[in-house]
Amino acid sequence: MRTPMIAGNWKMNKTEAEALNLIRVLMQWVRSYSGVEVLICPPFTSLSTLNKLLVSSPILLGAQNISDQPPGAFTGEISATMAAEFCTHVILGHSERRAYYGEENVLINRKLKAAISADLIPVLCVGEVLTEREAGKADHVVSHQLQEALGGIHLEDPTKMIIAYEPVWAIGTGRSASPEEISDLIARVIRPTLSGLWGEGISQGIRVLYGGSVNSKNAGGFFNTAEIDGALVGGASLTAEKFLGIIEKTQKI
Ligand code: 13P
């Protein structure tokens with residue numbers, strides 16, 4: 001019922017020329033895959049160029065962040081409507097923005113509302129840090145992040161919201177959560193929280209991706225579980241071979 005999605009978060013990597021090189025290779029191959037949506041989230045500086053190139057490609061484009069404010073005097077920021085000129089999705093609440101730029105759920109909530117008003121589909125990231133996990137608080141942290149970040153948001157179409165569960169201790173560390181642990185947390189915490197906000201029908205239609213050290217070797221294990229609807233990939237999305245290797249794994253389910 002839920003179409004799998006493989007999303008690449010390029011983070012602060014790739015000049016425009018490097019972005020073009022990578023996307024040209026991806027474009028050649030992505031057409032050969034079926035039943036999977038592929039989303040690329042490059043830095044802002046490449047969005048316009050890639051948008052033009054991808055006009056007749058199934059590859060979707062997303063931003064990595066937006067401002068919570070409407071256009072105006074906000075030096076260094078990009079508004080939702082400006083991003084929406086070039087892309088359809090936006091990553092919000094990524095743990096790197098939470099940790100390094102002090103983004104909290106209240107701000108992320110405003111950004112989500114700005115994104116939805118501009119018809120951008122948010123990819124909302126949630127996940128606990130290692131100390132929270134070790135203290136047995138992962139369930140509470142994830143549920144709280146979802147409730148605060150999504151509070152006051154009305155959602156009728158479940159395809160207009162994507163959740164990415166990214167345990168912070170698994171990001172860029174080579175250490176990933178097991179497919180069973182992730183599925184369990186999605187089933188026990190994420191879906192019931194979404195159901196509490198919008199009802200069971202909507203909750204069941206929202207895609208929940210896993211992120212954190214996903215590579216072509218471990219990806220198959222994640223995608224074989226019913227609860228994990230794809231991946232949000234960092235490091236392994238920066239080379240065509242590695243990223244395509246992950247997409248490939250969705251074809252064997
Ligand atoms: P890695 O795949 O490099 O662990 O990064 C995951 C991530 O943060 C995606 O948003």
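Selection of segment 68-85 for residues being outside any loop (DSSP other than H, G, I, E, B) and among the hydroxyl-bearing types (Ser, Thr, Tyr) yields only 81.
Within segment 150-169, the residues that satisfy the criterion of being touching a helix residue (DSSP H, G or I) at 6+ places or on another chain (Cβ under 9 Å), of a type outside the set (Phe, Trp, Tyr) and within 16 Å of the ligand (Cβ to nearest atom) are 163, 166, 167, 168. Within segment 110-127, restricting attention to residues that are buried (at least 19 other Cβ atoms within 10 Å of the Cβ) and assigned to a helix (DSSP H, G or I), the residue that is farthest from the ligand (Cβ to nearest atom) is 114. If we keep just the residues of segment 227-253 that are touching a helix residue (DSSP H, G or I) at 6+ places or on another chain (Cβ under 8 Å) and charged (D, E, K, R), which is nearest to residue 162 (Cα to Cα)? Ranking the qualifying residues of segment 227-253, first place goes to 227. Check 132, 96 and return the single one that is among the charged types (D, E, K, R), closer than 19 Å to residue 12 by Cβ and not in a loop (DSSP other than H, G, I, E, B). Exactly one of 132, 96 is among the charged types (D, E, K, R), closer than 19 Å to residue 12 by Cβ and not in a loop (DSSP other than H, G, I, E, B), namely 96. For segment 221-241, residues that are surrounded by fewer than 19 Cβ atoms within 10 Å (Cβ to Cβ) and touching a Ser or Thr at 6+ places or on another chain (Cβ under 6 Å) total 1. Number of residues in segment 196-253 that are without any contact (Cβ under 8 Å) to a residue 40 or more places away in the chain and in a loop (DSSP other than H, G, I, E, B): the value is 5. Yes or no: residue 190 within 27 Å of residue 218 (Cα to Cα), more than 16 Å from the ligand (Cβ to nearest atom) and crowded, with 22+ Cβ neighbours inside 10 Å? When the stated conditions are applied, residue 190 passes them. Is it true that some residue in segment 157-166 is in a loop (DSSP other than H, G, I, E, B) and over 16 Å from the mean Cα position of the chain (by Cα)? Yes, some residue in segment 157-166 is in a loop (DSSP other than H, G, I, E, B) and over 16 Å from the mean Cα position of the chain (by Cα). Just one of the listed residues (206, 182) is within 20 Å of residue 1 (Cβ to Cβ), over 15 Å from the mean Cα position of the chain (by Cα), modelled with pLDDT of 95 or more and surrounded by 15 or more Cβ atoms within 10 Å (Cβ to Cβ), namely 182. Checking the condition among the small types (Gly, Ala, Ser) and surrounded by 13 or more Cβ atoms within 10 Å (Cβ to Cβ), which residue from 62, 76 passes? So the residue among 62, 76 that is among the small types (Gly, Ala, Ser) and surrounded by 13 or more Cβ atoms within 10 Å (Cβ to Cβ) is 62.
Across segment 97-139, the qualifying residues are those that are β-branched (Val, Ile, Thr) and touching a strand residue (DSSP E or B) at 6+ places or on another chain (Cβ under 8 Å), and the one among them that is nearest to residue 77 (Cα to Cα) is 108.
The values are calculated or read from the model by the stated rules, or taken from the named source; none is laboratory data. These numbers were taken from a predicted model, which means no experiment stands behind them. Here Cβ is always computed from backbone atoms with ideal geometry, including for glycine, and neighbour counts include all displayed protein chains.
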